[in-house]
Amino acid sequence: MSARRALITGIAGQDGSYLSELLLGRGYELVGLDRLGADQAPNLAAIRERITFVEADLRDGPALRAAVSDCAPHELYHLAAPSFVPDSWDDPTEAVAAIAGGTSSILAAALALTERPRVWVSTSSEVFGDALESPQHEDSAMRPRTPYGVAKLAAHGLVRTMRRHHGLFACSGITYNHESPRRPPHFLPRKVTRGAAAIALGHQDELVLGDLEAVRDWSDARDIVRGAWLALQADAPGDYVLASGVGHTVGDLVRAAFAAAGVEDGLERHVRVDPAFVRPREAIELIGDPSRAREALGWQPEISFEAMIGEMVRTDLAELGAS
């Protein structure tokens, strides 16, 4: 029996690279689509020669459709999207075109294949926005409060519509915050772990942050991509919240990072809150209820919050210590 073939969009990113390792470990033939070329993908350095690369932009519908048609995958994981939420305020047109437009092109391409693939589309907890309840589940009211969230809600709706109307095996993954050592440094958790590492090494003395009481539901990226794979192995398609189900404050994140870096009383001695970085809090905390994924897929997070932050800090200590 020939190997299963998968196409991953956004393969060079955090989630795409971890999913690549998971699929290759299970014997898949792998095609990766990204706006970055293979030589610009450090996350894939160890497995680059085992992947067929296609360069394409999410706004280039014909290129996306051609990539899907040429690959004819058994499984299609659509992970690519602008991932830094604040950027969507600068150009909502760009966010909607890349996220909603890119998803519509991917789904149309999947529908056009003679043998339709199973499709996973990563959406976001941002679809809940001004949530009416906490934790949120797949049927909670979706009231996005950012252009990014609006675009992700459009992608989520497209998945459900194509599944119901065409019978496409398509799943929407409502993913909450998830991190790893491959997270870019402009995201808060990596800013914190890198700052704690820099302070431990004597490279800096202060870490400037915003609201320390803000709450997020953080998971490890490897747990999230394993959930995506499990969803496409199920007997029937569905939408799934992938989250830890546990809220942690930014202060919890900071304490865990300093503890991993071996810095005592780091929060009290080295952190300064800048009011300019403090944003209005959600009236209802965005915490996910992963019950459906646990019951239908047998999915269970395997990497704890503390272990995830510890690994990120150790990576930052190694990188900064070598610089």
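Size descriptor for the chain, Kirkwood hydrodynamic radius: 20.3 Å (Cα pairs only, one decimal).
Which angle from 0 to 90°, rounded to the nearest 10, does the C-alpha axis of helix 147-166 make with the longest principal axis of the chain? That works out to roughly 30 degrees. Backbone geometry of segment 14-22 corresponds, through the Karplus equation with coefficients 6.51, -1.76 and 1.60 at θ = phi - 60°, to 3J(HN,Hα) couplings of 3, 5, x, 5, 5, 5, 4, 5, 4 Hz, x marking Gly and Pro. Taken over the alpha carbons of segment 1-135 as equal point scatterers, the Debye sum produces base-10 log I(q)/I(0) values at 0.09, 0.22 Å⁻¹ of -0.27, -1.35.
Just to be sure I understand: with springs between alpha-carbon atoms less than 10 Å apart, which residue in H137, H156, H248 has the highest mean-square fluctuation in the Gaussian network model of the chain? Evaluated over the chain, the most mobile residue of the options is H248. For E179, the residues whose modelled amide H falls within less than 5 Å of its own, excluding neighbours fewer than 5 places apart on the same chain, are S219, D220, A221.
Here the calculated FRET efficiency for R26 and E264, from their Cβ-Cβ distance with R0 = 41 Å, stands at 0.40, rounded to the nearest 0.05.
Only helices enter this figure: runs of n ≥ 4 DSSP H residues, each worth -39500 (n - 2.57), summed and divided by the residues of the chain, yield -12000 deg cm²/dmol at 222 nm to the nearest 500.
Label-to-label distance for T161 and R272 is 5.0 nm, based on points extended 7 Å past Cα in the beta-carbon direction. Taking amide hydrogens as placed 1.01 Å from N in the peptide plane, the amide H of R5 sits under 5 Å from those of E29, H74, E75, each at least 5 positions away in sequence or on another chain.
Which distance in Å, rounded to a whole number, links the C-alpha centroids of segment 95-141 and segment 205-273? For segment 95-141 versus segment 205-273, the Cα centre distance is 23 Å.
Under 12 Å from a label point set 7 Å out along the Cα-to-Cβ vector of L132, no amide N atom of segment 223-264 is found. Here each label is just a point 7 Å from Cα along the line to Cβ, and for E115 and R50 those points are 2.3 nm apart. Looking at segment 222-279, the pairs of alpha carbons with a distance over 13 Å make up 73% of the total. Note on A108 and F187: their simple-model spin labels are 3.0 nm apart, each label 7 Å out from Cα toward Cβ. Quick one: angle between helix 221-231 and the longest Cα principal axis of the chain, in degrees between 0 and 90, rounded to 10, please. It works out to around 20 degrees.
Relative to the first principal axis of the alpha-carbon coordinates of the chain, what is the inclination of helix 188-200, with its axis defined by its Cα atoms, in degrees from 0 to 90 and to the nearest 10? Between the helix axis and the principal axis of the chain, the angle is about 40 degrees.
Computed about its Cα centre, the charge dipole of the chain is approximately 860 debye, with only Lys, Arg, Asp and Glu carrying charge at their Cβ. Near C171, the amide H atoms lying under 5 Å from its own belong to V119, W120, V121; only residues 5 or more places off or on other chains count, and H is placed 1.01 Å from N.
Each value in this text was obtained by applying a stated rule to the coordinates, not by laboratory testing. None of the values given here were measured: they were computed from a predicted structure. Cβ: placed from backbone, ideal geometry, glycine included. Neighbour counts: every protein chain shown.
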